[in-house]
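Colleague: Here it is, the structure, as structure tokens.
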Amino acid sequence: MQLKKDRRSFIEKVGSLIGLLSLSYLGKISKMSFAANNLNSTWDSVAYNKTAFSEALVAIGANRITPTDKINLKTPEIAENGAIVPLEITWELEATERIFVFAEKNPQPLVSDFIVTPKIEPLIATRIKMGESALVHVVALAAGSFYSTSKEVKVTIGGCGEE
């Protein structure tokens, strides 16, 4: 009889421990989702919905942009399919906060933007959609100033379907 009581007590204690660990883990998850929600709050629907490249630049606050060779944009010269145009972006700018990618002739030119911190490697590899051949611009916000580079990409099959 004593063995069953000890076993029952052991199972209750292990169950309580598992419950406490689960609650602790759930607390960490909710903190992580809170942090993710804070990052999502930087979504700029106004800039993403602009239909002209110059308007999108103004919407992100880039009234004055300095061309630089400290941003490297690697793209194919000819993209066979505009639905998947690979990009690789590296930079050597100090205090970089954000990287914006524009496809100049897309229906909405602002394709993506990335929030970066000093703790990440200065490299972004992604794919974008392009409706037609156009300049791809990368604009970086670093130390309160905007810097840019661009490259022409020829698209043989468009990837941005008009509705």
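Colleague: Any residue that is under 22 Å from Gly82 (Cα atoms), in contact with a Pro (Cβ under 7 Å, 6 or more places away or on another chain) and in the same structural domain as Phe53 (by TED's automatic domain parsing) - is there at least one of those in the stretch 102-124?
Modeller: Yes, because at least one residue in the stretch 102-124 is under 22 Å from Gly82 (Cα atoms), in contact with a Pro (Cβ under 7 Å, 6 or more places away or on another chain) and in the same structural domain as Phe53 (by TED's automatic domain parsing).
Colleague: Return yes when Glu97 is open to solvent by 60 Å² or more (accessible area, probe 1.4 Å) and either assigned to a strand (DSSP E or B) or outside the structural domain of Glu80 (by TED's automatic domain parsing) (or both) and no when it is not.
Modeller: Details: open to solvent by 60 Å² or more (accessible area, probe 1.4 Å): yes; either assigned to a strand (DSSP E or B) or outside the structural domain of Glu80 (by TED's automatic domain parsing) (or both): yes.
Against the criterion (open to solvent by 60 Å² or more (accessible area, probe 1.4 Å) and either assigned to a strand (DSSP E or B) or outside the structural domain of Glu80 (by TED's automatic domain parsing) (or both)), Glu97 qualifies.
Colleague: Let me ask another. Among the numbered conditions (1) of a type outside the set (D, E, K, R); (2) at pLDDT 90 or above; (3) surrounded by 15 or more Cβ atoms within 10 Å (Cβ to Cβ), tell me where Thr66 comes up short.
Modeller: Thr66 satisfies every listed condition except (3).
Colleague: When the residues of the stretch 29-60 are narrowed to those that are in a helix (DSSP H, G or I) and charged (D, E, K, R), which ends up modelled with the lowest pLDDT? Spell out how you get there, then give the answer.
Modeller: Of all residues in the stretch 29-60, those in a helix (DSSP H, G or I) come to 29-40, 45-48, 53-59.
Then drop every residue that is not charged (D, E, K, R), which leaves 31, 55.
On the way: Lys31: 49, Glu55: 93.
Selected residue: Lys31.
Colleague: Could I ask something else about it? Cβ contacts < 6 Å: first residue among the hydrophobic types (A, V, I, L, M, F, W, C), restricted to the stretch 62-83; second residue open to solvent by 40 Å² or more (accessible area, probe 1.4 Å), any location; separation 6+ or different chain. Result?
Modeller: These pairs meet every condition: Leu73/Lys151; Ile78/Lys154; Ala83/Lys129.
Colleague: Name the residues in the stretch 113-129 that are buried (at least 17 other Cβ atoms within 10 Å of the Cβ) and in contact with a Lys or Arg (Cβ under 8 Å, 6 or more places away or on another chain), would you? Talk me through it step by step, then tell me what you get.
Modeller: Narrowing the stretch 113-129 to residues buried (at least 17 other Cβ atoms within 10 Å of the Cβ): 113, 116, 122, 124, 128-129.
Of everything in the stretch 113-129, those that are buried (at least 17 other Cβ atoms within 10 Å of the Cβ) and in contact with a Lys or Arg (Cβ under 8 Å, 6 or more places away or on another chain) turn out to be Asp113, Val116.
The values are calculated or read from the model by the stated rules, or taken from the named source; none is laboratory data. Keep in mind the model is a prediction, meaning the values are calculated, not measured. Counting neighbours? That spans all protein chains shown, and the Cβs are built from the backbone with ideal geometry, glycine included. Surface accessibility is based on the protein's heavy atoms, side chains included, excluding ligands, DNA and RNA. Shrake-Rupley method; radii C 1.70, N 1.55, O 1.52, S 1.80 Å.
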